[in-house]
1. Under 20 Å between alpha carbons: how many lysine pairs meet that in region 219-350, if sequence neighbours fewer than 8 apart on the same chain are excluded?
2. So what is the relative contact order of region 43-169, in percent, for Cα pairs below 8 Å that sit 6 or more residues apart?
3. Give me a comma-separated list of calculated 3J(HN,Hα) values for region 17-30, in order, Karplus coefficients 6.51, -1.76, 1.60 applied at θ = phi - 60°, integers in Hz, x for any Gly or Pro.
4. Arrange the peptides 76-82, 63-69, 335-341 so that the one whose residues have, on average, the most other Cβ atoms within 10 Å appears first.
5. Mind checking the per residue accessible area of the chain for me, 1.4 Å probe, whole number of Å²?
6. Report, as a whole number in µm² per second, the diffusion coefficient that Stokes-Einstein gives for region 32-87 at 37 °C and 0.692 mPa s using the Kirkwood radius over alpha carbon pairs.
7. What net charge is computed for the residues neighbouring GLY87, neighbours being all others with C-beta under 14 Å from the C-beta of GLY87, Lys and Arg scored +1, Asp and Glu -1?
8. On a 1.4 Å probe surface of the protein chains, which of GLU47, GLU73, GLU173 comes out largest in accessible area, and what is the full order?
Amino acid sequence: MNNMKLTFRWYGEDDPVTLEKISQIPSMTGIVSAVYDVKPGGVWSEESIDRIKNQANGHGLDFEVVESVPVPEDIKLGNGKAEQLTGNYCENIRRLGKAGIKCICYNFMPVFDWLRSELEHPQQDGANALAYDEQTVLNMDPLKGELSLPGWDSSYTREEMRGLLKAYEEIGEERLWKNLESFLKAVIPVAEESGVNMAIHPDDPPWGMFGLPRIITCKENIQRMLDIVPSANNGLTLCTGSLGANPDNDLADMAKSFAGRIHFVHLRNIKHTGYRKFEEVGHPTDCGSLDMYGIAKALVDSGFDGYVRPDHGRMIWGEKGRYGYGLYDRALGAAYLTGLFEALEKEKVK
Ligand code: DNO
């Protein structure tokens, strides 16, 4: 049994990747999920939380990681609604802690979550995968509804979008940091009391676009974020594919430097194909540009025993499904990670 806990993202009852299928992946310990029927800013009902837990447990899986409790734009913008919404956020942490959740993944990215320019980028072997090309992205106009991207909340009207872009342009990076500071100072004490580790997800890709600031992008900024509240409960999701999109980010070094503050790891590989240009590939080291072995070794050497999940998979073997979140390639990723960690952990003990 590995020290790290292998988990798999599950999007709830509508997910074609069922709990039964997930439970059949060797060495799988639990799911990563969320309550999907409440808008960002709302309070999750205890029934909904318990329901996911019972469903997972019914298949022999734990439910100890939530991804994500979304942070509403009003909190990131630090406007008049921020205080009340932060109160709701704290209530979610309390309820999740009570239900046995140990780790909450969230992000502080303005407006979009993860962003790609292509959803079905064809690869030589007939697979297709998500890809990013800055040139294509910068030619799109978010106000014209030209973006239909996975991390994009298309429920915004054009007017709302214009308002958001303008509001963020006005606040810029330093105010965003201030707003993150207020948020952390309010939620981390509640996380401590509730036995929950907060694990911020880095910005994906780790640079700003459309005039929107992005701050969780590199080692220095992550250190700054961790120092705002120097508590173990104020931690990080080390997402290799997100941070690794910038070749200047040294993931193995971060895995070592942030030991004790990394509670959740998203392990996937990407291939750099140009400046601010990459595509997603199979998980193993030799499929892409990231040294997955080196990153896993740094984690094991620093005693990591938190949650790991395979991240985005390609679409292979004719599978159609939720972009990045099909079954087959993620299951192959899970098997690879199990072997990698088993070898590293056993070597370490010797
Ligand atoms: C993409 C995911 C992100 C992640 C959020 C965390 O596949 O890694 O959507 O869940 O950024 O808040």
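The values are calculated or read from the model by the stated rules, or taken from the named source; none is laboratory data. As the structure is a computational prediction, the values presented were derived from the model and not from experiment. Don't worry about glycine lacking a Cβ; one is built from the backbone with ideal geometry, like all the others, and counts go over all protein chains shown. Remember, those area values only see protein heavy atoms, side chains included, never the ligands or the DNA or RNA. Shrake-Rupley method; radii C 1.70, N 1.55, O 1.52, S 1.80 Å.
1. Values: LYS219/LYS256; LYS219/LYS297; LYS256/LYS297; LYS256/LYS346; LYS256/LYS348; LYS297/LYS346; LYS297/LYS348; LYS297/LYS350.
Going through region 219-350 pair by pair, I get 8.
2. Details: 129 pairs, mean separation 26.9, N = 127.
Relative CO of region 43-169 lands at 21 percent.
3. 7, 7, 4, 4, 4, 4, 5, 7, 6, x, 6, 6, 9, x
4. Working: 76-82: 16.9, 63-69: 22.7, 335-341: 19.6.
Listed from highest to lowest mean packing, they are 63-69, 335-341, 76-82.
5. Details: 14900 Å² over 350 residues.
Accessible area per residue, the chain: 43 Å².
6. Values: Rh = 12.6 Å.
My calculation gives 261 µm²/s for D.
7. Values: positive: LYS81, ARG94, ARG95, LYS185; negative: ASP74, GLU83, GLU91.
Residues near GLY87 contribute +1 overall.
8. Result, largest first: GLU47, GLU173, GLU73.
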